[in-house]
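A short write-up of the structure that comes next.
The values are calculated or read from the model by the stated rules, or taken from the named source; none is laboratory data. Bear in mind the structure is a predicted one, so any value in this text is a computation, not a measurement. Cβ placement follows ideal geometry from the backbone for every residue including glycine, while neighbour counts extend to all protein chains displayed. Side chains included, ligands, DNA and RNA excluded: accessible areas come from the protein's heavy atoms. Shrake-Rupley method; radii C 1.70, N 1.55, O 1.52, S 1.80 Å.
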Amino acid sequence: MAMEVTQVLLNAQSIDGTVRKHAEESLKQFQEQNLPSFLLSLSRELANDEKPVDSRKLAGLILKNALDAKEQHRKFELVQRWLSLDANVKTRIKTCLLKTLTSPVPDAQSTASQVIAKVAGIELPQKQWPELIGSLLSNIHQLPAHVKQATLETLGYLCEEVSPDVVDQDHVNKILTAVVQGMNAAEGNDNVRLAATRALYNALSFAQANFNNDMERDYIMRVVCEATQSPEVKIRQAAFECLVSISSTYYDNLAPYMQDVYNITAKAVREDDEPVALQAIEFWSSICDEEIDILEEYGGDFTADSDVPCFYFIKQALPALVPMLLETLLKQVEDQDQDEGAWNIAMAGGTCLGLVARTVGDDIVPLVIPFIEENITKPDWRQREGATYAFGSILEGPSPDKLLHIVNVALSFMLSALMKDPNNHVKDTTAWTLGRIFEFLHGSTMDTPVITQANCQQIITVLLQSMKDTPNVAEKACGALYFLAQGYEDVSPTSPLTPFFQEIVQSLLTVTHREDAGESRLRTAAYETLNEVVRCSTDETSPMVLPLVPVIMMELHKTLEGQKLSSDEKEKQSELQGLLCGCLQVIIQKLGSSEPTKYVFMQYADQIMGLFLRVFACRSATVHEEAMLAIGALAYSTGSDFAKYMPEFYKYLEMGLQNFEEYQVCAVTVGVVGDICRAMEEKILPYCDGIMTQLLKDLSSNQLHRSVKPPIFSSFGDIALAIGENFEKYLMYSMPMLQSAADLSTHTSSADDDMTEYTNSLRNGILEAYSGIFQGFKNSPKTQLLIPYAPHVVQFLDSIYMEKDMDEVVMKTAIGLLGDLADTLGNNAGSLIQQSLSSKDFLNECLSSEDHMIKESAEWAKLAINKAISV
């Protein structure tokens, strides 16, 4: 099939749909019939300077997609496919790729460098293509600038694709030398300098050893700092991006350079083009992130020889840094509040100021207050908005005592500005700042309340009035109300919001019907706030929540009426359905939790369930998720009556469990299985075969995201608790799975926090499964079926105790399981527990725990164990 591949590649980009489709079919056929020859002809096309640039670019793109994919399992298949190709074919392809780097056509070069990096990403970890880095570096000294540029680009992409442990230190040194030389001011060609600077950005993670060497580090830092002064704006921006990356990767090595870096960044922020200035501010935000993490992890108590030093760079730079950031707040862009993706110097400066406040706490307040006082009443809107933004930015970090006095003075001023200021920006930022005051300085934990009987009415009146303002201001007013309601979550029996409850709900519903509610996320914000107001309301408002049910049902019903929609409208419609299902979920939870309202609410249950089933018939992932969660809440409220909905609902439950692609939907559905088991108990039995089959399939699939596996194990426990000894027929399938997962989870000692967290959630799921199974069989004649599994369970408990890395949640579940084991198996478990390596130590540790939940479980377990041993 040595067909004229050039023409087919050009046809595949034709504006004529038929020609395009035919060409795509031919390419697909060629690939399926003879993959080696297909890839070879693409690489020849890419390398041939006589071919049209469009066919070469597409050839390179198809090659790249033949080596990599976003989905993990697909990527794995492509890697295996490449590795199994004939070595001779691969060598010829790689020769073509390297040849393309010397092409005078920039598009071909750049495509080839990306493909080379993808091949390297597959081969270098397998110890193949060892000569690649050497042959790239030999190009560097050849003179044509375009070859140098292409090679540096390739090295950059390569560092992005492969992990640092794959490249030996000698090669790393040579790559860094080549890259840093390419960045040098002596390099006359700007394209080469830019490619080198971008390559350094990707190579930084390889430079650990070089950054630990003073001389090499000094040299790298000097070249990066010089590049920030280049006449070419793209080089300056790329150099600052390197500095940002260095600030987080090599925070510990920065001390000697901070003064110089401050001077460079301050100049860039004040004078340079926006893309450069933004990166200069980002440098300081990144230093804040580092210091916030260190201070949070170590609680701020460092001894002289602490392992993780905090250098307090921000604290030292405060007197100069804060004034520089305050200046940026006055560089607003007109109409930035209407543009959702807006990002500019003023916004970056305010964000950084907020991070500085979180890093240094109280120290920032005296540096910012004079700026606020000076500008808050100025005639120029920029000064009023900047002052308000500064105030809102420093509310998280300093202690409430340090802020309360100013907040009390500022509150009535802000309420009046929100009503009367002529400028939209100022009102937008004022409403946002009020939201921040309510988020951080209002709630049951505050000694001195910001919101009192005296000002509560005025605050609500102003916020409800502002919800009629332009969409961006109204959205921020909804946000402020959201945090206002949240702050009263734990007050009972009466909340200061109760007298205004109906008015608030009515105003929010009115907002959702505004013609312009689609702008600035306004409709979403209004529903989210409505949910929060309902969720945080007290029992006395429940009778006022009831009339909301038919209103929200009607809204949901309207979205289901069959009109033909464009894909854009469809997306908006499913977003609205998601919001309404979320709203019903909160209402169901609220009304289902108290008997008087639950009784009245139940008359709507059939209609609500009918609506949810119709929502499922619409098929959209997000809606599925919201509707699933709402059904879980409904099952909890209706209890065993939920059985009447199962015949119709079951197929959607099964669809959710089969949804590997949108794994969040799958995870939520697994949670709902638990809700339904708790609600229906043994009435779930007829559906268990189907559910268990699907759950076991999910567990053995390598396509399903790992985060869904722990909840699946937990749901085994829920099912066993619901159906008791009827779980017998699933033991032979579920127990081996639990055992192998348990073994896996005890051999993953890892330094990585994410992995530790995942291991703990996996262990917790396994423990909950065992716990449910043992409790489910309690007092049944079939209890002896579990005896063979008991030694493995005790061994599992021993090994997680020995590893010493379980969190509180796992500890509580584990000690509970030890009790369940004794409780269900009696003396059959007693001797096992007595012989176990660590049960006694574990029990004593839990009995003396600070956590009263752990202590309670341990006391119960102790009784059960003593009883089992004494039998």
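Can you give the Rg to Rh ratio of the stretch 474-584, both from alpha-carbon atoms, with Rh computed by the Kirkwood formula?
Taking Rg over the Kirkwood Rh, I get 1.00.
Please identify the GluC sites (Glu not before Pro) of the stretch 613-709 that satisfy two criteria: DSSP loop assignment and at most 16 other Cβ atoms within 10 Å. Which are they?
Glu661, Glu662
Stokes-Einstein D for the stretch 1-107 at 20 °C, 1.002 mPa s, Kirkwood Rh over Cα pairs, in µm²/s?
The diffusion coefficient I find is 148 µm²/s.
Computed over the Cα atoms of the stretch 51-145, what is the convex hull's projected area averaged over all directions, in nm²?
It is 6.6 nm².
Accessible area of the chain with a 1.4 Å probe: how many percent of it is carbon plus sulfur?
The nonpolar share, carbon plus sulfur, comes to 51 percent.
For the chain, what is the accessible area per residue in Å² when the probe is 1.4 Å?
45
Give me the number: length gained by fully extending Glu77 to Thr445, i.e. 0.36 nm times residue separation minus the C-alpha to C-alpha distance, one decimal in nm.
Result: 127.1 nm gained on full extension.
If you take Rg/Rh (Cα atoms, Kirkwood Rh) from the coordinates, which of (i) 1.03; (ii) 0.99; (iii) 1.07 do you get?
Checked against the structure: label (ii).
Name the shape class, rounded, prolate or oblate, that the alpha-carbon gyration tensor gives for the stretch 692-751, where a ≥ b ≥ c are the square roots of its eigenvalues, rounded holds for a/c under 1.5, and otherwise prolate holds if a/b is larger than b/c and oblate otherwise.
Because a/c hits 1.5 or more and a/b exceeds b/c, the stretch 692-751 counts as prolate.
The stretch 765-871: which trypsin sites (Lys or Arg not before Pro) are DSSP loop and have at most 16 other beta-carbon atoms within 10 angstrom?
Within the stretch 765-871, the qualifying trypsin sites (Lys or Arg not before Pro) (loop, at most 16 other Cβ atoms within 10 Å) are Lys778, Lys804.
Order Ser593, Ser495, most accessible first, counting only protein heavy atoms with a 1.4 angstrom probe.
Ser593, Ser495
Size of the stretch 282-425 along its principal axes in angstrom, Cα-based, largest extent first?
56, 33, 25
Please list, in order, the residues from the stretch 750-783 whose amide nitrogen is less than 11 Å from a point placed 7 Å along the Cα→Cβ vector of Glu297.
752-753
Could you order Thr452, Thr197 by accessible surface area, starting with the largest, using a probe radius of 1.4 Å?
The ordering from most to least exposed comes out as Thr452, Thr197.
For Leu613 and Val600 in one chain, what is 0.36 nm times their gap in residues minus the Cα-Cα distance, to one decimal in nm?
2.5 nm
What chymotrypsin sites (Phe, Trp or Tyr not before Pro) does the stretch 224-257 have in DSSP loop regions with at most 16 other beta carbons within 10 Å?
none
Roughly speaking, what is the stretch gain from Asn184 to Ala454, that is 0.36 nm per residue apart minus the C-alpha to C-alpha distance, in nm to one decimal?
Separation in residues times 0.36 nm, less the Cα-Cα distance, equals 90.6 nm.
Report the calculated FRET efficiency for Asn827 and Glu226 (r = Cβ-Cβ distance, R0 = 56 Å), to the nearest 0.05.
It comes to 0.10.
Please give the FRET efficiency for Glu24 paired with Ser205, using the beta carbon to beta carbon distance and R0 = 41 Å, rounded to the nearest 0.05.
Efficiency, from the Cβ-Cβ distance: 0.60.
For the pair Leu61/Phe311, report the inter-label distance in nm, with labels modelled 7 Å from Cα in the Cβ direction.
Taking the simple label geometry, Leu61 and Phe311 are separated by 4.4 nm.
May I have the pair-distance distribution P(r) for the stretch 115-235, computed from all Cα-Cα distances with 10 Å bins from 0 and rounded to whole percent?
14, 47, 32, 7, 0
What distance in nm separates the simple spin-label points at Val53 and Thr783, each placed 7 Å from Cα in the Cβ direction?
For the pair Val53/Thr783, the computed spacing is 8.1 nm.
Along Cα→Cβ, 7 Å out, is where each label goes; now give me the distance between the ones at Asn213 and Gln7 in nm to one decimal.
Roughly 5.8 nm, to one decimal.
Provide the net charge surrounding Val269, with neighbours chosen by a C-beta distance below 10 Å and charges set as Lys +1, Arg +1, Asp -1, Glu -1.
That works out to 0.
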